[in-house]
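A.B. asks: Got a structure here, written out as structure tokens. Questions coming.
Derivation of every value follows stated rules applied to the coordinates shown; laboratory data play no part. None of these values were measured; they are calculated from a predicted model. Backbone-built Cβ (ideal geometry, glycine too); neighbour counts: all protein chains shown.
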Amino acid sequence: MTRNITFMKAINEALEQAMEKDERVILLGEDIAGGAEVAHLEKKNEDAWGGVFGVTKGLMPKFGRERVIDTPISEMGYMGAAVGAAATGLRPVPELMFNDFIGFCLDTILAQGSKMRYMFGGKAKIPMTIRTCHGAGASAAAQHSGSYYGLLGAIPAVKVVVPATPYDAKGLLLAAIEDDNIVVFSEDKTLYGLKGEVPEEYYKVEIGKAKVKKEGTDLTIVTIGKMLYVALEVAEQLANENISVEVIDLITVAPWDQATIIASVKKTGRLVIIDEANPHNNTATDIASVIGNQAFDYLDGPIKCVCAPHTPVPFATNLEQLYLPNAERVLETAAELIDDLKN
Amino acid sequence: MTRNITFMKAINEALEQAMEKDERVILLGEDIAGGAEVAHLEKKNEDAWGGVFGVTKGLMPKFGRERVIDTPISEMGYMGAAVGAAATGLRPVPELMFNDFIGFCLDTILAQGSKMRYMFGGKAKIPMTIRTCHGAGASAAAQHSGSYYGLLGAIPAVKVVVPATPYDAKGLLLAAIEDDNIVVFSEDKTLYGLKGEVPEEYYKVEIGKAKVKKEGTDLTIVTIGKMLYVALEVAEQLANENISVEVIDLITVAPWDQATIIASVKKTGRLVIIDEANPHNNTATDIASVIGNQAFDYLDGPIKCVCAPHTPVPFATNLEQLYLPNAERVLETAAELIDDLKN
Amino acid sequence: MKKIDKKRASWILKTMSDIRNFENETHRIFTSGEIPGFVHLYAGEEAIATGVCAHLTDADYITSTHRGHGHCIAKGCDLNGMMAEIYGKETGLCKGKGGSMHIADIDKGMLGANGMVGGGFPIAVGAGLRNKYLKTKDVVVCFFGDGAANEGGFHEGVNLASIWKLPVVFVNENNNFAEATPQWYSSGSKTIAQRAEAYDIPGERLDGKDLVAVYEAAGKAIDRARKGEGPTLLECMTYRDYGHFEGDEQKYKATAGKEKELAARDCIKEFGTYLLSEGLLSEKEIAEIANTSQKEIAAAIKFAEASPIPRPEALYEDVYAN
Amino acid sequence: MKKIDKKRASWILKTMSDIRNFENETHRIFTSGEIPGFVHLYAGEEAIATGVCAHLTDADYITSTHRGHGHCIAKGCDLNGMMAEIYGKETGLCKGKGGSMHIADIDKGMLGANGMVGGGFPIAVGAGLRNKYLKTKDVVVCFFGDGAANEGGFHEGVNLASIWKLPVVFVNENNNFAEATPQWYSSGSKTIAQRAEAYDIPGERLDGKDLVAVYEAAGKAIDRARKGEGPTLLECMTYRDYGHFEGDEQKYKATAGKEKELAARDCIKEFGTYLLSEGLLSEKEIAEIANTSQKEIAAAIKFAEASPIPRPEALYEDVYAN
Ligand SMILES: Cc1ncc(C[n+]2csc(CCOP(=O)(O)OP(=O)(O)O)c2C)c(N)n1
Ligand SMILES: Cc1ncc(C[n+]2csc(CCOP(=O)(O)OP(=O)(O)O)c2C)c(N)n1
Ligand SMILES: [Mg+2]
Ligand SMILES: [Mg+2]
């Protein structure tokens, strides 16, 4: 059965179903339950927080503190512990509260977890899913608003997924937890309240497969995460001008789906990529480079990237709104490609 | 006066001259002197190591342990200390022994040093130069052979330079130390023994400016670090087939020099970029994306990137050689662009 | 260490009151929805920032935490600029680009609130290294929470300060919780002070609600640092009046017992009692200080509200130096 | 803890000899230029890996360091596979893709040598968490150097093991140096053992050249861990016979005094003397073990030399699972 539930609830449900299905799945993170060893909470088997945004709420009461493990503020320690637990047979799902904290635990991913299998000649596998959140728009300022899925996606052996809808969030997270590799599952913190249709049962969304969210013939827009909604807005506006936009939600940032994008570009000849990350060495530029090479003969114009500026995220609300790629900027960019179509 | 000295000596000399010129310049790192508080060394005012490759050899005897500071194995601690010292008026030059250790100290760069100026409304400046080394080819295996200049180059406010010649190494390092920003100075460990002409005196090479190392009209090859020598080899081979290659040494990876590349591509219409980093979200793809956009109308074919494969660096010598971009692979790639020119 | 004379007593009481009023007002305004983002209030812990910073000049440095308003005020940052910053206004200390978690004023020796728990350790070490290298007598105070004591940076930072005998005082604010996680769960050691043993430096746990206790312990540690004798670790037991951040339900807080008693204590009132008993200030003088403080905070709010938002171009400014 | 009976004594002596011979031969071959890369030799420290691993089964885990050959051998890894790995051959334990710094055999409970100093702490904690979660009685030993004790990961790892009472024994190999930096320079604390105080766990410094001392201290700590009583920190004082890595001039080593005396000790000879005095093995038996060991190492070298280099396609394999 399908219900209309929030993005946050979809993630919570995926965690619950993954834990029900497989005893090896454990969660680790700072205050993902909250209130460990606080007597009156323990007595009532209650979690004080359920994560800073409440995403893991209710899981500790259901599965106990053995499986929903509050950690001290020791990102390197518990993220590396997840690597160790995964290498020895568990399927940990650590939470990095904000992806901006990656600088504290990158070694455990970059040098340890992602390389073990290769360095050990194929003997290890590291089935772990790192849940984290990214994105500006919540006035969380420079150190809590970055988008680092692209930085992580550059690491061989690491998969990175960025869901944009409650449906995909649930199905992708279930797929990630079943995956035998390190999968980074990056949630846009401003989407937690977004509602959408989500089946009750256990299902998976394929990692590595992009989704065509709207078919079109004149212009392809590829999006990551909540940039999907920017693209849909743009598509609607351009439809008024009789320009037909194909919108592709990338979903998996690494390894991203070349086939779907190439097929679309062959049709439209025009490509814009929207990525909230800082503009250099990111997923958008990677796509532009690969597609520019693979589909060169089909392109009617240059591939355009619309990204955040090359700056930290500012606190003031008006500046933060300017920081985020929006429909206006995408329309301006698209205009450079479709001028000839307008009449 | 100009002498023929090694890449390593050029760096050593730059450090020496920078320290002579400005008392605020101090060096920090693991065994950059070596033997701190070992009685018989202290008596002779001798350094036991001078860095793991000997790059900083002789600087402690000359400037003392107050300015050439051996650190414990605490990358986060001393790299962050460099940020703190820079924010309060010194010009520290910390050494990260291998760039692969970035996962231990990324926070101090990503979240602290690079963002301070912005977060503080322009009140801070962080004049520090991080010396580190990258690159495969020394049988140093997966955790000591990576190339992460592109990862660092993605961070706003961080400049990244990668010298390919002794001349540029000295002049760039002096420029980096005079720069008021965080500059990552990434040395290819396999170049340390390379000799070249280097002036004795203090001089600077401009950060942000690429160098045309060889002029040509048919094909542009942009290189990073030692990939320059791969390109020069390719250029020579193609010259035999009457194909004229322009070789550009990027030198500065962030922010990289658009103007020089665009000017070249306008002339040649064909672009190959060689980057030893893993292939996704790296500097090569960034260049391909930007140039593909800016110079679209001048391109006779797709922009091609030749990078390391999407794998860790293998230990076995034969595999490591396959891992590295080489002339053969670049020639194959170039062939796709210049087939029409051959006769 | 200077004694608490009348002038000092006034400064301390004023500073504690400024912090309390600033935080109470921020709480009120946040609840009304006018301040965006994450805000962590320092109310309840005033004795620590104030008792420590009473020993510092503008030439001394501090590193702060996400709960940084108190440290800012105690270090002498401008109240108007602070409030405007929290509002995200152009007149803010950081031009509205930092916000509550990143307020800083390097000219005042305030090296920034910090959104990264434990982010201050290495920065403080670096500032201490600079002080030692330049042969100044200036010190650095690194404020950090009980939760931060479990970050690797604590270990690296304190160890570096120890081996290099840096003039850094590590001031732990043990308010019993890191978010919703109690210190007694997250630390292997019963106290944070005992971790000093791992670096052969002095470590002391003390009553962080008692201004005089903090003032004296900090005074000793700072004197020691100025004399070049190296770092000290002080663990100040305290409690926060509000939740971890604005919006926290605080379910984890004790409903009775010792923790509740600690929660009930008011460090400003206690200091007032001390001042009266020592004859340092009169009831009237105390009331006047309270009054002035309230007015200044009210003025800061007016200033912030009347200030313009940043110009759009500010988005691109202040990335690179030069 | 099991006593050192005849069988155990033979295993211990054989293991120590294997390590010594493996390292001496590796030194010889490296000098001849046939082995590439960075190689860090364990010779001189045999008593630690052996005395500790004598208590372990294949179901127990260890994490190792860049100086990992000794741990590998003591944990029962195949000598042929190890030598072939160091040569970068297809028949190596890691198919030649890891090399000296990354030898591993998860089936033997050996979670890998590690090129990152301190890289083993969190991994050991994770394996310990797994053991506890699965309610096994298996333990994890985390070997680490004196230099590694200054990494933040030490602090985070030991603290996590302490609060979760994990079955992890932290075995510090204090060989006086991290590369060319002495422990007495890099650590604020005089001993590493005293850092146990920061986590309220037992900590002990002991003679790491004395097999029996290591065997007994490790036995106690491992028993404690198996019983669910949590982690222990052991600091084993030792010295390496060779330089930090092959090629090191070792200028920093003492030329006289206590350090030089430590350097002169041979833990294998000392253990031999013990065996004779206890009547556990005869001179002849000892000589036989030495002999067998030499032959096995010689065979391992032959095996490695005769083995093929990896197929080119191996470059692309073993990145992703599935
Ligand atoms: C590196 C990092 N990890 C986690 C967080 C999320 N976080 C913010 S405040 C906090 C609790 C800090 O506790 P403590 O150090 O005791 O300071 P307090 O809030 O009690 O003043 C946490 C976990 C963070 N901001 N940075
Ligand atoms: C994170 C990290 N920092 C630095 C190094 C370089 N390095 C390799 S071994 C070593 C010294 C290690 O000393 P110690 O822990 O005492 O072990 P030992 O070599 O004495 O066995 C250093 C600094 C590294 N490999 N990894
Ligand atoms: Mg706290
Ligand atoms: Mg050592």
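A.B. asks: Between A:E66 and D:D223, what's the calculated FRET efficiency when r is the beta-carbon distance and R0 is 41 Å? Round to 0.05. Before the final figure, lay out each step's value.
C.D. replies: Values: r = 24 Å, r/R0 = 0.58.
It comes to 0.95.
A.B. asks: Out of A:L27, A:T220, C:A304, whose Cα points farthest toward the positive end of the dipole of the protein assembly as shown (charges: +1 Lys, Arg; -1 Asp, Glu; placed on Cβ)?
C.D. replies: Positive-most Cα among the choices belongs to A:L27.
A.B. asks: Place +1 on the Cβ of every Lys and Arg and -1 on the Cβ of every Asp and Glu in chain C, take the dipole about the Cα centre, and give the residue among C:L134, C:A59, C:H40 whose Cα lies farthest towards its positive end.
C.D. replies: C:L134
A.B. asks: Which residue fluctuates the most in chain D, going by a Gaussian network model with Cα springs under 10 Å, if the choices are D:Q194, D:Q250, D:Q294?
C.D. replies: Checking each option, the largest mean-square fluctuation is seen for D:Q250.
A.B. asks: In degrees between 0 and 90, to the nearest 10, how far off the longest principal axis of chain A does helix A:258-268 point, with axes built from Cα atoms?
C.D. replies: With rounding to tens, the tilt is 20 degrees.
A.B. asks: Output the relative contact order of chain B, whole-number percent, from Cα pairs under 8 angstrom with separation of 6+ residues.
C.D. replies: On the way: 771 pairs, mean separation 54.7, N = 343.
Result for chain B is 16 percent.
A.B. asks: When the convex hull of the C-alpha atoms of the protein assembly as shown is computed, what volume per residue in Å³ does it have?
C.D. replies: On the way: hull volume 218.0 nm³, N = 1330.
So the per-residue hull volume is 164 Å³.
A.B. asks: Within 10 Å of each Cβ of C:81-89, how many other protein chain Cβ atoms are there on average? Intermediate results must be reported in sequence, preceding the final value.
C.D. replies: Values: counts 1, 0, 0, 0, 3, 1, 3, 9, 1.
Average per residue, whole number: 2.
A.B. asks: What distance in nm separates the simple spin-label points at A:T2 and C:K284, each placed 7 Å from Cα in the Cβ direction?
C.D. replies: About 7.7 nm, to one decimal.
A.B. asks: Look at the axis of the rotation that sends chain D onto chain C, then give the chain D residue with the nearest Cβ and the distance in whole Å.
C.D. replies: Residue with the nearest Cβ, plus whole-Å distance, for chain D: D:G152, 1.
A.B. asks: Treating the angle as unsigned and between 0 and 90°, give the value, to the nearest 10°, between the Cα long axis of helix A:75-87 and the longest Cα principal axis of chain A.
C.D. replies: With both axes taken from Cα atoms, the answer is about 80 degrees.
A.B. asks: Karplus couplings for the range A:234-247 from phi (6.51 cos²θ - 1.76 cosθ + 1.60, θ = phi - 60°), rounded to Hz, Gly and Pro as x?
C.D. replies: Per residue, the Karplus-derived 3J(HN,Hα) values read 4, 4, 5, 5, 6, 4, 4, 9, 6, 10, 9, 9, 9, 10 Hz.
A.B. asks: Just want to confirm a number: the relative contact order over the range C:187-322, from Cα pairs under 8 angstrom separated by 6+ residues, in percent. Mind showing how you got there, number by number?
C.D. replies: Numbers: 87 pairs, mean separation 24.6, N = 136.
In percent, rounded to a whole number, it is 18.
A.B. asks: List the distances, in nm to one decimal, from the label point of A:Q294 to the label points of the same position in every other copy, shortest first, placing each label point 7 Å from Cα along the Cα-to-Cβ direction.
C.D. replies: Nearest first, the other copies' label points are 2.6 nm away.
A.B. asks: Between copies, how close do the A:D340 label points come, placed 7 Å along Cα→Cβ, listed in nm from shortest?
C.D. replies: With the label placed 7 Å along Cα→Cβ, A:D340 yields 1.7 nm.
A.B. asks: If you don't mind, another one. I need to check one value: relative contact order of chain D, counting alpha carbon pairs closer than 8 Å and at least 6 residues apart, in percent.
C.D. replies: Numbers: 637 pairs, mean separation 75.8, N = 322.
The value is 24 percent.
A.B. asks: I've got another one for you. Copy-to-copy spacing for D:A59, label 7 Å out on the Cα-to-C-beta vector, in nm, shortest first?
C.D. replies: In nanometres, ordered from closest: 6.6.
A.B. asks: Sort out for me the Cα centre separation of the range D:230-251 from the range A:83-162, rounded to whole Å.
C.D. replies: The two parts, judged by their Cα centres, are 32 Å apart.
A.B. asks: Distance between Cα centroids, the range C:260-316 to the range B:25-58: provide it in whole Å.
C.D. replies: Comparing the Cα centres of the range C:260-316 and the range B:25-58, I get a distance of 52 Å.
A.B. asks: Starting from 0.36 nm per residue, how many nanometres of slack lie between C:W11 and C:E90 once their C-alpha separation is accounted for? Let's see the in-between values first.
C.D. replies: Values: separation 79, 0.36 × 79 = 28.44 nm, distance 2.91 nm.
Fully extending the segment from C:W11 to C:E90 adds 25.5 nm.
A.B. asks: Mind scanning C:K97/C:K135; A:K57/A:K213; D:K7/D:K75; B:K43/D:K253; B:K159/D:K97 and naming the pairs with a C-alpha gap bigger than 23 Å? The partial results should precede the final answer.
C.D. replies: Numbers: C:K97/C:K135 34 Å; A:K57/A:K213 31 Å; D:K7/D:K75 17 Å; B:K43/D:K253 14 Å; B:K159/D:K97 33 Å.
Flagged as over cut-off: C:K97/C:K135; A:K57/A:K213; B:K159/D:K97.
A.B. asks: Still on this structure: Between D:D200 and A:A263, take the C-beta separation as r, use R0 = 56 Å, and let me know the FRET efficiency to the nearest 0.05. Please list the in-between numbers first.
C.D. replies: Working: r = 61 Å, r/R0 = 1.09.
About 0.35, to the nearest 0.05.
A.B. asks: Then there is this: Show which aspartates and glutamates lie in cross-link reach of A:K21 when reach means a straight Cα distance below 13 angstrom and same-chain residues fewer than eight apart are skipped.
C.D. replies: Cα-Cα hits under 13 Å: A:E13, A:E178, A:E201.
A.B. asks: Also: Of C:I29, C:S10, C:H102, whose Cα points farthest to the positive end of the dipole of the range C:1-110 (charges on the beta-carbon: +1 Lys, Arg; -1 Asp, Glu; origin at the Cα centre)?
C.D. replies: The one lying farthest along the dipole's positive direction is C:S10.
A.B. asks: If you don't mind, there's one more thing I want to ask. Using a simple charge model, +1 on the beta-carbon of Lys and Arg, -1 on the beta-carbon of Asp and Glu, nothing else, what dipole does the protein assembly as shown show about its Cα centre, in debye to the nearest 20? Display every interim value, and only then the final one.
C.D. replies: Numbers: 140 positive and 184 negative charges, 456 e Å.
That gives the protein assembly as shown a dipole magnitude of about 2200 debye.
A.B. asks: Another question, if that's okay. Can you give me the distance in nm between label points at D:M1 and D:N24, each placed 7 Å from the Cα along the Cα-to-Cβ direction?
C.D. replies: 2.9 nm
A.B. asks: Once you charge only the Cβ atoms, +1 for Lys and Arg and -1 for Asp and Glu, what is the size of the charge dipole of the range D:10-91 about its Cα centre, to the nearest 20 debye?
C.D. replies: Dipole of the range D:10-91, to the nearest 20 debye: 140 debye.
A.B. asks: Simple spin-label model, 7 Å along Cα-to-Cβ: B:Y298 to B:K204 in nm?
C.D. replies: It is 2.8 nm.
A.B. asks: Would you please name the trypsin sites (Lys or Arg not before Pro) within the range D:2-53 that are DSSP coil residues with at most 14 other C-beta atoms within 10 Å of their C-beta?
C.D. replies: Details: sites: D:K2, D:K3, D:K6, D:K7, D:R8, D:K14, D:R20, D:R28; in loops: D:K2, D:K3.
Qualifying residues, ordered by number: D:K2, D:K3.
A.B. asks: Please get the size of the charge dipole for the range B:74-210, origin at its Cα centre, with Cβ charges of +1 on Lys and Arg and -1 on Asp and Glu, quoted in debye to the nearest 20. It would help to have the intermediate numbers written out before the result.
C.D. replies: Numbers: 12 positive and 14 negative charges, 80 e Å.
So the magnitude is around 380 debye.
A.B. asks: For the modelled label position 7 Å from the Cα of C:A298 along Cα-to-Cβ, which residues of the range C:66-88 have backbone nitrogen atoms closer than 20 Å?
C.D. replies: Those under the cut-off are C:79-84.
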